[in-house]
Structures are given as C-alpha cells and as structure tokens.
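Have a look at the structure below, then the notes.
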Amino acid sequence: MASIRKENDRGRKGWRLQFRDADKRRRSIWLGNIDEQAAAKTKLHVEHLLAVQKLGVPPEPATTRWLAGISDSLRDALSRSNLVECKEHQQARVMTVSDWTELYIAERSDVKPNTKKIYREVQQNLVDYFGKSKMLRDVNVSDAKKFRVWLATKSNRRDKERSNLAEATVRRRTGVVKQFWKEAIDRGHSASNPFESLQSSNLSNESRQFFVSHEMIDACIEQCSCTDWKTILALARYGGLRCPSEVLRLRWEDVHFSSGSMFIRAKKTEHHASGGVRVCPIFAELRPHLEHAKNEADSEADYVVNRYRSADQNLRTTFEKIIKKAGLKPWPRLLQNLRASRLSELLGTYPAKDVSSWLGNSVPVAMKHYAMTSDASFAKAAGQIGGDIGGVVRGAILGNHGCSTNDNSPSKKPTFPDESELKKILDDYRKVAEMRERGLEPPRDYLPLGPQPSASASSATRAICSLMRVDVDVSTTRLV
C-alpha cells in the first residue's frame, strides 16, 4: 500500500508519496505543490503498478494513459523503484537509427560546420543501408560487418565512375559510426556497440601521394588568369598553407616582409592551446609572389586573396582546368598534394619539429599523412649522386689524391691515378695503419727487418684498391 501526506518543509509546501517496493524497501517520492485530488490519483496508479509488478502482467489502459502524461522527473523517480522504464530505455525501444543520428547531430552545436557535414554523410550512409525503420537496438555485429562491406564497395554517391570508397575514407566513416553508438550506450539507447571491432584508425593512402615539383607548379602559375590565383597556388605550394581555409584567412596585416614571417590563423586548430595561430617563415620561393600580390593589391585591401571567398565557389574545379591548360595531368589530391610536397622538401633541410611548427601539424601526423619518399634522397644515399653522408663525401677518398667523382655531369668520366701515384697512396696509408696499431713510440723489443703489413692495413689496402678498380699484392705493395 501507498500513502500520501502534505508537508511544509522549511517553506517548501507539497505532497509526498511513500510506499514499499517489491524488495520491501521504503520509497519516497516528492510530488510537489499539486492539489490533493492529483496526489490521490497518483497514489492509486502507483498502487496498481505495485500490484501488477508482483503478478507480472501489464498495467491497465487507464494507468498506461496516465504514465504517458506524467513529467520526466516523476517517471525517473518511478523507474528507480523499477515500476516503469526510464525515459532513455523507453526511447530506446522505439528509437530508430535514423532518429538517433538526427538527434545526435542536432545536439552537436560544439562542432564546426565541416564536421557536421561529415556527420550528415555518414548518417546518409546508415539510412541508405539500414532504412529509416531499423531500430537502433536491433543492429547486431553481423549487420555492422555487412554495412562496412557495403560502405567500401557500393556507397560512393559522388563519383559516377566508381561505386567503391578508399580504405582511408571507409575507416574514417566507420569511426564516426562508432562515435554515434558510443553516445547511444552512454544514454541507455543501446546495450553494446556492434561496430566496436571494426577497423577505424586513420590510414595514410600512399597511392594518392604525389610530389608536385617546382617546374610543375610554376607552369600552372603561368597559366593563371589573375593575381589571386597565382597567390593561391604560391601560398599552397611554396608556403605549405592549407587551402582554402588558411589561404583565404590570410590578411596583409599578418604578413611581415621585414622580419620574413607571417601569422597563419588555422580554423582547424582553433581549439588547441595556441588558438590556431602559428608563425611561418616567408620562404624564399614564396616571397616574390607575395610581393607581387602586395604591389597589385588595393591600398585598402584587407585579405591577401580577395576573390573566391564564397563557400559556394569550388577551387578544385578551376585548379584542375589550370593544370590541364599547363599541359599536365591532374594529380590525385589537387590541393593537399601541394602542402605535402612543401613539407617533404622542408624535412630534407630542417628539423622535423621546426617544420611541423611552421606548417601547423604534429610530427606523427606529418610523417604519416604528408611526408613522401624522394628518389633523389635514395640516389644520394646509394652514392649515385654527390653528397655528404656521415662526414664522408663520395669521391673524396684519402684526401682525394687526384680521384674525383663529385662531378654529376654524365659526359665527364671519373679519372684515376696512374701506377706510381697509386703506389705512393698505398705506402702512405699502410704506414698510417701500422702506426695506429703500434702507437707513436716504437716497441723496445727486436723488430724484424722490412715492413710487415698488419691485417687491418692489408684489408684497408684491398678496400681502397677495390674502389680504384685495380688489383694489388699487399705483401709487396705491387700493382698486378
């Protein structure tokens, strides 16, 4: 049985409902300042709920209608006594995949518009596959795996030439789906995450990496019809700025020619401790283009790039036309490849920490998604072109006694010393090697007549002769 009583507790007037639940524990619910008739009606419905709970049968229609109209606070209080379902569980029974994703996206007012756009794309994928009537709680692990296969093979709605998506895109979208379900679990709409075991870590797509050389971007800049487009390409390729976000946000007040620096304001990293502001050098290749743009700009111009500022304008389409006009084939990622090419160049000259600071990403991200291998670096490491590795310059062996291979010209062949010069080189090197073993002071015991080359001197002499492409008898220092 339940009971109600009116209370006046420190100025708070109202009715309190008390009863014992199925476990014989005393329960108390504050009903608030309502009239006595409403309090009595609540008492009757609670008694009915206690009775049907013992019998294991559903409540009468009158009590069901009453439950549909009660407040969320009263429902939560009754759910704590296991008399009714809480609001979240009730919603979970009727919550569809479409309704839940719509509710989640609408509540995420803290994310940027582009992030919401990605959420909408993933929501559309879920609705396309599961339909609008699929219950959230009915999605199981088997459904999740089948969805991922469909996502990878048949979900591409933008490209008419292919229906599949790249593995990196599939992983990103799978990560967003996991995010949807994780929040559903936290709110009690789902008991588990069927997508938990699916791969969603970021993946670098090396097949879409492409190094845009100086010659290629210069050819594109020559085909630009206006200064704004020339500046856009120069900032993206020679400055390494994100395009279009960072390029279009750059102001003349942020460009300091005297100090050779510019302040970059990145919308993508505004939530970081730096506020998304970083200092980047005005690189030597970029300076002429910025100076030309400054001379061409109006005296009252605020932004470095004044056209193409609308979000509706597609820079990618126009840039693709410029590339074809320059007689080149469009590369996989038109704008991102420009930034990646600049970062790869800088990593070959400056410390990775400095480069990442200038371009606004972390070292791990730079290495995983931007840095590219270079054929020139491979050739240099293999000794096919001149270079200084570990302090030893190829072609400068033993003080470079007339032997030179530093000239990379294909028409000039390397020259080697004649027999007398080579014999002198070998004699000098053998004496140095023997001195290293004996020390500067001669030994006090009897020394045999004639020089006896040590094992290290002999092996070193053979190595030198191998480089010189000649044969030698080490014991006599005689050329064969």
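The table that follows gives values for the structure above.
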quantity	calculated
Candidate set: segment 355-386, residues that are polar (S, T, N, Q) and outside any loop (DSSP other than H, G, I, E, B); chosen: the one modelled with the lowest pLDDT	Ser377
Single condition Arg10 does not satisfy, out of (1) modelled with pLDDT of 90 or more; (2) surrounded by fewer than 12 Cβ atoms within 10 Å (Cβ to Cβ); (3) of a type in the set (Lys, Arg)	(1)
Pick from segment 284-301, criterion touching a helix residue (DSSP H, G or I) at 6+ places or on another chain (Cβ under 8 Å) and of a type outside the set (D, E, K, R), ranking: farthest from Asn114 (Cα to Cα)	His292
From the options Ser225, Ser261, residue that is polar (S, T, N, Q) and either under 21 Å from the mean Cα position of the chain (by Cα) or more than 21 Å from Thr318 (Cβ to Cβ) (or both)	Ser261
Residue ID - surrounded by the most Cβ atoms within 10 Å (Cβ to Cβ), chosen from residues in segment 245-260 that are of a type outside the set (Gly, Ala, Ser) and out of contact with any Lys or Arg (no Cβ under 9 Å at 6 or more places or on another chain)	Val247
Qualifying residues in segment 60-78 (those that are within 21 Å of Met1 (Cβ to Cβ) and under 54 Å from the mean Cα position of the chain (by Cα)) - the one surrounded by the most Cβ atoms within 10 Å (Cβ to Cβ)	Leu78
Elements of type helices (runs of 4 or more DSSP H) contained in segment 161-273, each with 3 or more residues being among the polar types (S, T, N, Q) and out of contact with any Gly (no Cβ under 7 Å at 6 or more places or on another chain)	167-186
Inter-residue pairs, beta-carbon under 9 Å, first aromatic (Phe, Trp, Tyr) and in segment 322-340, second loosely packed, with under 15 Cβ neighbours inside 10 Å, 6+ apart	Trp331/Arg208
Members of segment 308-342 found to be exposed (fewer than 14 other Cβ atoms within 10 Å of the Cβ), in a loop (DSSP other than H, G, I, E, B) and more than 24 Å from the chain's Cα centre (by Cα), listed by number	Arg309, Ser310, Asp312, Gln313, Gly327, Lys329
Identity of the residue in segment 338-382, aromatic (Phe, Trp, Tyr) and either in contact with a helix residue (DSSP H, G or I) (Cβ under 6 Å, 6 or more places away or on another chain) or not assigned by TED's automatic domain parsing to the domain that holds Arg237 (or both), that ends up farthest from Leu235 (Cα to Cα)	Phe378
Residues (crowded, with 18+ Cβ neighbours inside 10 Å and not in a strand (DSSP E or B)) located in segment 13-42	Ala39, Thr42
Those helices (runs of 4 or more DSSP H) lying entirely in segment 50-119 with at least 1 residues over 30 Å from Ala22 (Cβ atoms) and of a type in the set (Asp, Glu)	97-107
Verdict on Ser142 being assigned to a loop (DSSP other than H, G, I, E, B) and among the small types (Gly, Ala, Ser)	no
Residue match in segment 20-27 (condition: outside the structural domain of His189 (by TED's automatic domain parsing), acidic (Asp, Glu), farther than 29 Å from Asp186 by Cα and free of Cβ contacts under 8 Å to residues at least 60 places away in the same chain)	no
The lone exception for Leu151 - which of (1) assigned to a loop (DSSP other than H, G, I, E, B); (2) of a type outside the set (Gly, Ala, Ser); (3) closer than 17 Å to Gln124 by Cα; (4) touching a Leu at 6+ places or on another chain (Cβ under 8 Å) it fails	(1)
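Listed here are the residues, each with its yes/no results for (1) more than 19 Å from Asn193 (Cα to Cα); (2) touching a strand residue (DSSP E or B) at 6+ places or on another chain (Cβ under 8 Å).
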residue	(1), (2)
Phe130	no, no
Met135	no, yes
Phe147	no, no
Ala152	yes, no
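The values are calculated or read from the model by the stated rules, or taken from the named source; none is laboratory data. On a predicted model such as this, the values are computed, not experimentally measured, just so you know. Please note: Cβ atoms are built from the backbone with ideal geometry, for glycine as well, and neighbour counts cover all protein chains shown.
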